[in-house]
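What follows is one structure encoded as structure tokens, with my remarks underneath.
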Amino acid sequence: MQVIRGINMRSLTVAGLVAGFMMFFVDRWFAGLFGLFGTFPGFNSATWMISHHVQAVIFAIPFAWRTIYDNLPGAGWMKGMLYGFLWWLIFPLLLGMLAGALGAAPLQRIQPGSLSALLTPAVLHVVYGFFIGVLYTPPEASESMTL
């Protein structure tokens, strides 16, 4: 496919799934800590869990594009954390307002202007980015590895 040329899709899929789960895990693990976290509905909603993990893979695709990946500074984990932070900047402005207005339950629990509305998504997106950055292997690196 033209759209995914130059992307190691196997590595990206694994990285996206793990990063999505770790984002969820950190939110559940620290739920209520300092009045933060606990925004995800949990395992009670199979539809939500599946859609969250599909989105975690889809939103990782731009990270793997050579133009973005090569221009982010640092090692893989730093590239990923910066990418996650950039998604956090986009998240409340575009996705949060739109999805919350359309009825996305986790986003309705976030009170605009609260500390939770700023810090919780920031930490979760940086965690997401960290795991994408650590686990994603660009095609050249994966092709040069021999077993």
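The values are calculated or read from the model by the stated rules, or taken from the named source; none is laboratory data. This is a predicted model, so every value here is computed, not measured. Because the Cβ atoms are built from the backbone with ideal geometry, glycine has one as well, and the counts that use them run over all protein chains shown.
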Residues located in segment 59-77, provided they are surrounded by 11 or more Cβ atoms within 10 Å (Cβ to Cβ), part of a helix (DSSP H, G or I) and not small (Gly, Ala, Ser): Ile61, Pro62, Phe63, Arg66, Ile68, Tyr69, Trp77
Residue check, Thr47 against (1) modelled with pLDDT under 85; (2) assigned to a helix (DSSP H, G or I); (3) of a type in the set (S, T, N, Q); (4) in contact with a helix residue (DSSP H, G or I) (Cβ under 8 Å, 6 or more places away or on another chain), all met but one. Which one? (4)
If I filter segment 14-33 down to residues being of a type in the set (Phe, Trp, Tyr) and touching a residue at least 12 places away in the same chain (Cβ under 8 Å), which single residue comes out as farthest from Leu124 (Cα to Cα)? Phe21
